[in-house]
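Single-structure report; data block below.
The values are calculated or read from the model by the stated rules, or taken from the named source; none is laboratory data. Quick caveat: nothing in here was measured; it's all calculated off a predicted structure. So basically every Cβ, Gly included, is an ideal-geometry build from the backbone, and we count neighbours across all protein chains shown. We work out accessible area using only protein heavy atoms, side chains counted, and drop any ligands, DNA or RNA first. Shrake-Rupley method; radii C 1.70, N 1.55, O 1.52, S 1.80 Å.
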Amino acid sequence: MSNFLNAADIKDQVSLVDLLFRLGYEPARRSGKELMYLSMLRDSDIDPSFAVNEQLNVWFDHGTGKGGNIVDFGLAYWPMTDFVEVLHKIQTTAKQEIIANHSRENARPRMAIKIPHYQIEDIKEFGTNAAITTYIEERGLGAVARDKLKEVYYYVEDQKKLRKHFFASGWQNELGGWEVRNKYFKGCLGHKAVSFIEGVTQKLVIFEGYLDYLSWLTEHAENRSSILVLNSLSLLEAGIKRAKTYSEVDLYFDRDKAGHQASVNFKAAVPQAQDRSAVYDGYKDYNDRLQAGIASTPMVSFQPEPEQRTRFRR
């Protein structure tokens, strides 16, 4: 192994798609010129939202709003590893010899890389778009969504200035970014942050995702606790910092490995925190249990077929 690996050499010579394959990740589908993966940088991704442009050898994680080249990916994937070691990890994982310090004087200039640009066009009250309303109702949240969600209309512009227009249900986080969800996509427009709803000063209820908060609200409409939605487990430390000022803290994280570990870490840092996820034991999260209850009720109008539920809750 060379002791003089150069980041530019890594970017020029190692395929990100090949690196991901050797790490055990394969694309779920192709969208235009991009390969879409379930994000390996987030534990909560259920719809493929990690995009790789194979031609430009760059990535973009729609859930965090971050992206870059293969070295940037390595730094995100191995966050506790220093820069030089990340370069070595990329090389050894890719099992590829890197030609160090090769000349680029005669190399063809590469196209400037531009991460897709987002622009919000309009924010509307919930209930004007039938597709958004249907999606939220399918999640069992129609009754509580009207004053808790907005309709977000936005476009994505690529390096050729071509625009694609989208819409989704959405809510704002503390930094003014819009967390958006529709049947095919989940992500953040703007800076990633937690969402906070102020209530009583003694008790804080914490959720991993906003739709799980709305699911809880269907059963606790009169509850006046303060609410904190992490929007991503990557913001766990922000949640811990906020929770330390409350005498009572309830946790409703996913019942999977990542959610369990998050609860353990949270309770270690905030002793008054209690894991309340047993109320949806047997399901991944609060909304899964809510949807299961709707599907088992014969009088409701929406009853997804089993194969639809499997595809929807990947």
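Within the range 71-89, residues that are under 16 Å from Val58 (Cα atoms) and open to solvent by 40 Å² or more (accessible area, probe 1.4 Å) reach partners that are hydrophobic (A, V, I, L, M, F, W, C) and assigned to a loop (DSSP other than H, G, I, E, B) with beta carbons closer than 9 Å, at six or more positions or on different chains, in the pairs Ala76/Leu41; Tyr77/Leu23; Tyr77/Met40; Tyr77/Leu41. Among the residues of the range 174-182, some residue qualifies, meaning at least one is in a loop (DSSP other than H, G, I, E, B), open to solvent by less than 60 Å² (accessible area, probe 1.4 Å), under 17 Å from Ile123 (Cβ atoms) and touching a residue at least 24 places away in the same chain (Cβ under 8 Å). Given the structure, is Leu214 farther than 23 Å from Pro48 by Cβ and open to solvent by less than 40 Å² (accessible area, probe 1.4 Å)? So Leu214 fits the description; yes.
Of the residues His191, His220, the single one that is within 20 Å of Ser247 (Cβ to Cβ) and either open to solvent by less than 20 Å² (accessible area, probe 1.4 Å) or not in a strand (DSSP E or B) (or both) is His220.
Hey, any hits in the range 231-248 for a residue that's within 23 Å of Glu137 (Cα to Cα), at pLDDT 95 or above, open to solvent by less than 40 Å² (accessible area, probe 1.4 Å) and not in a loop (DSSP other than H, G, I, E, B)? For the range 231-248, residues within 23 Å of Glu137 (Cα to Cα), at pLDDT 95 or above, open to solvent by less than 40 Å² (accessible area, probe 1.4 Å) and not in a loop (DSSP other than H, G, I, E, B): absent. What pairs can you find where one residue is in the range 19-48 and on the phi > 0 side of the Ramachandran plot and free of Cβ contacts under 8 Å to residues at least 12 places away in the same chain, the other is part of a loop (DSSP other than H, G, I, E, B) and among the hydrophobic types (A, V, I, L, M, F, W, C), and their Cβ atoms are less than 9 Å apart, with a gap of 6+ or different chains? If the second residue must be part of a loop (DSSP other than H, G, I, E, B) and among the hydrophobic types (A, V, I, L, M, F, W, C), the pairs left are Gly24/Met40. Would you be able to say whether some residue in the range 114-134 is assigned to a loop (DSSP other than H, G, I, E, B), within 28 Å of Arg242 (Cβ to Cβ) and without any contact (Cβ under 8 Å) to a residue 24 or more places away in the chain? Checked against the condition, which is being assigned to a loop (DSSP other than H, G, I, E, B), within 28 Å of Arg242 (Cβ to Cβ) and without any contact (Cβ under 8 Å) to a residue 24 or more places away in the chain, the range 114-134 yields no hits at all.
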